[in-house]
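Single-structure report; data block below.
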Amino acid sequence: MKPRSLATSWAFLVFSLAAGCGDQAARSLAGLPEFCRDVLPRVAEHLAGFEHPTGERYGGTAVVGTIGELADGMNALVSSAYESTQHQTFLNLMTLIRFDGGFEPEPYLARTWELNEESTELTFHLRDDVFWHDGTPTTARDVEFTYLRATDPATAFPNQAFWTHYVPGPDGVEVLDDHTILFRLRPHAELLDPWRATAIMPEHLLRDVAPAELRQHPYGNRCPVGNGPFVFEDHRADASWSFVRNPAFPEGLGGPPYLARYVLRIIPEQTTLLTELLTENIDFMINPPASQEPQITGASHLQFRTFPWRSYDFVGWNTRRPQLADARVRRAITMATNRAEIVEALLLGYGEVANAGVPPIHWAFHEGNRDALPYDPAGARALLDEAGWVDRDGDGIRENSEGVRLDLSIKYNDGNQDRQDIAEIMQAQLREVGIAVRPQVVEWATLLSQINTPEVRDFDGVVIGWVAEFRLDDTDLHHSRNLNQPYGWSGTNDPRLDLLLDTLPLIVDRAEAIPLWHDYQELLVEVQPYTYLYFPLRRAGLNRRLQNVVLDARGEWAGIQEWWIPADRRRASAP
């Protein structure tokens, strides 16, 4: 199969170049930034030289539906949202290592790696058959560039804590040759995991971009050039992303994907998403509300699936606000929220109440913490009284001694019915103990800006979810040195938390670390930076024609290279 057989703008551009239709090619690039006008033809020209594989499984378009835009696109140096990261690491770009089905590291861009006896030098040996989609080899220089940019504060990489125990800057990395790179570090636990979670970026395209300008660079959302199994094709803001098969993906990594094309549709309303699934306009609905399970299981062409997950949903509190500065108030809010009822009402039991940020699937989860802070409105009232918040004017809402009302906004993103329901349930339940709550809906990208931008922090509380890494490290969330970093939402400043957060990542032996992990989870109950709501089971609505979809804690897209659709069940066209 030649690229021209694909009904895509890339195929159109390839055909135009091959046929010498310069005017048509120029028109397809019109309006794009100069950077894109330079790189896109090179990608098309390079990929036009490859044959696409043929066979029973090769072909077809899979369409996935979700509610939120990939806010920072394919720029792995600046993005923080889960679905963006999934598309970077599994579709468009590559990581040095990846996890197998047992969550053990296996080679990916790196063929092998070794750690010296002192655990202070980590060396990766890269594959020599991986190319950027414009034909440039992927080398150790790209890995070095990614590390230096990600650890440069000017870049504002959201997960800088990944490399807290690596030697920062140029002294911490050495390119030994084109395909060998060495990192210097302090001994610490699960030191490989940053290289599973962070995609490598192209040095030859971005080396001249100032770190502070990377977030706005057109690479991310207009013309990303990856090296992974899928090639960027098109992005329509707040509507869709599309990718096509990379025919040059190495045979040693499974070769090109079965799918000819993959489309992510952004549909910011879950009832509409369900309709699109039921009418077969999408094949895969990401994490549908549990309440939609009957409609999905009732359709013979669909299946509803759940799987253990590594996330939790919570209300993050901005403790910089005077109403939320006292941990007793935050504990009272949690005690006055009937979280078990929320799990039953919203998740239909597909989850369990959370009290800290260590998921039940993780080895460090604290079983004894399960009932740490039960629903207790009377106890909540007593705590609020003790903290000096009482109803001084008889209107049913508490005030402090200075007359400040205990009146809070709780924000959530549009299109997410569960989060809206949580805000409204809390509004009703907290009113019973004298706390006023105002639910506020905000568009997803705007919400991220309002909570992530240290100079803004425009929220009291926010209903949001967090996908924990396999290497747990909450330093970004709760350490006082990160108060003014993107994830320092709560503004927590507790020396006991700091000490545990500094100590836990250094303990390599899990048996030795477990008691401290339990201390940490118990301390989170006391400090209450968040009202931890629940650990959900992850849900999926799938069209049965989409084959070989593996769902586990690595994420929905971990096995996309192996997805396939029987020839007689492929759609004639796709958005």
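Just from its helices, what would the mean residue ellipticity at 222 nm be for the chain, if runs of 4 or more DSSP H residues each count -39500 (n - 2.57) and the sum is divided by every residue, rounded to the nearest 500 deg cm²/dmol?
Rounded to the nearest 500, the figure is -7500 deg cm²/dmol.
Specify which residue in the list L148, L273, V433 is farthest towards the positive end of the charge dipole of the chain, using unit charges on the beta carbon of Lys, Arg (+1) and Asp, Glu (-1), about the Cα centre.
The residue sitting farthest along the positive end of the dipole is L273.
To the nearest µm²/s, what D does Stokes-Einstein give for segment 238-344 at 25 °C and 0.890 mPa s, using the Kirkwood radius over alpha carbon pairs as Rh?
For these conditions, the coefficient is 134 µm²/s.
To the nearest 20 Debye, how big is the dipole of segment 134-237 about its Cα centre, given +1 on the beta carbon of each Lys and Arg and -1 on that of each Asp and Glu?
Magnitude of the dipole: close to 320 debye.
Defining a contact as two alpha carbons under 8 Å apart and six or more residues distant in sequence, what relative contact order in percent does segment 520-575 show?
26 percent
Nearest 5 percent is fine: what portion of the DSSP beta bridges confined to the chain is antiparallel?
Within the chain, antiparallel bridges account for around 75 percent of the total.
Counting only protein heavy atoms and using a 1.4 Å probe, what share of the accessible area of segment 224-313 belongs to carbon plus sulfur, as a whole percent?
44 percent
Relative to the compact globular guide of 2.2 N^0.38 Å, what is the alpha carbon radius of gyration of segment 32-149, as a ratio? Don't jump to the answer; show the numbers that get you there.
Numbers: Rg = 17.3 Å, N = 118, 2.2 N^0.38 = 13.5 Å.
Dividing the Cα radius of gyration by 2.2 N^0.38 Å gives 1.28.
Quick one: net charge around P187, please, counting Lys, Arg +1 and Asp, Glu -1 for every other residue with C-beta under 11 Å from its C-beta.
My count for the surroundings of P187 gives -2.
Rounded to the nearest whole Å², what accessible area per residue is found for segment 215-279 with the 1.4 Å probe?
Value for segment 215-279: 31 Å² per residue.
Note down the relative contact order for the chain as a percent, whole number, built from C-alpha pairs under 8 angstrom at least six residues apart. Walk me through the intermediate numbers first.
Details: 1166 pairs, mean separation 109.2, N = 575.
Across the chain, relative contact order equals 19 percent.
With just the Cα atoms defining each centre, how far is segment 412-432 from segment 440-513? Give it in Å.
After rounding, the separation between the Cα centres reads 22 Å.
Note down the relative contact order for segment 329-416 as a percent, whole number, built from C-alpha pairs under 8 angstrom at least six residues apart.
26 percent
Which percent of the accessible area of segment 419-575 is formed by carbon and sulfur heavy atoms (probe 1.4 angstrom)?
Within segment 419-575, the accessible surface is 50 percent carbon and sulfur.
Using only the alpha carbons, work out the radius of gyration and Dmax of the chain in angstrom.
24.6, 80
Rounded to the nearest 5, what % of DSSP beta bridges with both residues in segment 379-492 are antiparallel?
Counting only bridges with both partners in segment 379-492, antiparallel ones make up about 20 percent.
The values are calculated or read from the model by the stated rules, or taken from the named source; none is laboratory data. This is a predicted model, so every value here is computed, not measured. Neighbour counts are summed over all protein chains in view; Cβ atoms, including those assigned to glycine, are modelled from backbone coordinates with ideal geometry. Note: areas computed on protein heavy atoms with side chains; ligands, DNA, RNA excluded. Shrake-Rupley method; radii C 1.70, N 1.55, O 1.52, S 1.80 Å.
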